[in-house]
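Visitor: I'd like to ask you about the structure that follows.
Derivation of every value follows stated rules applied to the coordinates shown; laboratory data play no part. The model shown is predicted, which means the values in this text are computed figures rather than measured ones. A quick note on method: Cβ atoms are made from the backbone with ideal geometry, for glycine too, and the neighbour counts reach across all protein chains shown.
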Amino acid sequence: MKTTTILSAATAALLLNACAGTTGGSPAAQATLEPRSGSQVAGSVTFVAHGDRLRVEARVSGLTPGDHGFHVHESGDCSAPDASSAKGHFNPAGKPHGHHGGSEHHAGDMPNLVADASGNANLVAELTQLSLAEGANGIVGRSVVIHADPDDYRSQPAGNSGKRVACGTIRLR
């Protein structure tokens, strides 16, 4: 009987860890990227809360080789064929567009995705100014957009990163 109890507890612990996935039980959200503007871009972006930061992990295919602008946008509406329904960059503090690591930038400004010769891009980064909680900096219900060109981190209002080639709504998971 005691062995059964130990095995049951071990099984329960194993199941709890499996349900937590790679998030370690931390709050997480995900966006499934769908092609826009006639592209073949697809993939997923996961956000995991770590204290006052969000870890973002992106896995994307179908890109042209090179750098691509990558941002959180205001609206979670990706219905327009060109993703214009996602509106502009998420910018609750009303700051100018800039480099994600600088003091002056939109909350939704993220590092460029860099696609290899096969059109695949993987990114892992930590972001500040964003949250999975409700409130001014909350991103759940907003969207992630990938652009055709690199973000130059200078041009206003959005870094001159070209057409929107993929879009996905951010949802809690």
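Visitor: Sorted from fewest to most neighbouring beta carbons within 10 Å, what does the list Thr32, Thr64, Thr169 look like?
Guide: In increasing order of surrounding Cβ atoms, one gets Thr64, Thr32, Thr169.
Visitor: Can I ask one more? Does the stretch 97-173 classify as rounded, prolate or oblate by the C-alpha gyration tensor (a ≥ b ≥ c root eigenvalues; a/c under 1.5 gives rounded; else a/b over b/c gives prolate, otherwise oblate)?
Guide: Judged from the Cα gyration tensor, the stretch 97-173 comes out oblate (a/c at least 1.5, b/c at or above a/b).
Visitor: If I model the stretch 24-172 as equal point scatterers sitting on the Cα atoms and use the Debye formula, what is log10 I(q)/I(0) at q = 0.18 Å⁻¹?
Guide: At q = 0.18 Å⁻¹ the computed log10 ratios are -0.98.
Visitor: Find, among the GluC sites (Glu not before Pro) in the stretch 99-144, those assigned to loop by DSSP (not H, G, I, E, B) with at most 11 other beta-carbon atoms within 10 angstrom. Intermediate results must be reported in sequence, preceding the final value.
Guide: Values: sites: Glu104, Glu126, Glu134; in loops: Glu104, Glu134.
Passing sites in the stretch 99-144 are Glu104, Glu134.
Visitor: If Lys and Arg each add +1 and Asp and Glu each add -1, what is the summed charge of the other residues whose beta carbon sits under 14 Å from the beta carbon of His50? The partial results should precede the final answer.
Guide: Details: positive: Arg53, Arg55; negative: Asp52, Glu57, Glu126.
Taking every other residue near His50 into account, the sum is -1.
Visitor: Here is a follow-up. I need the shape label for the stretch 52-105. Rule: rounded when a/c is under 1.5, else prolate if a/b > b/c, else oblate, with a, b, c from the alpha carbon gyration tensor.
Guide: oblate
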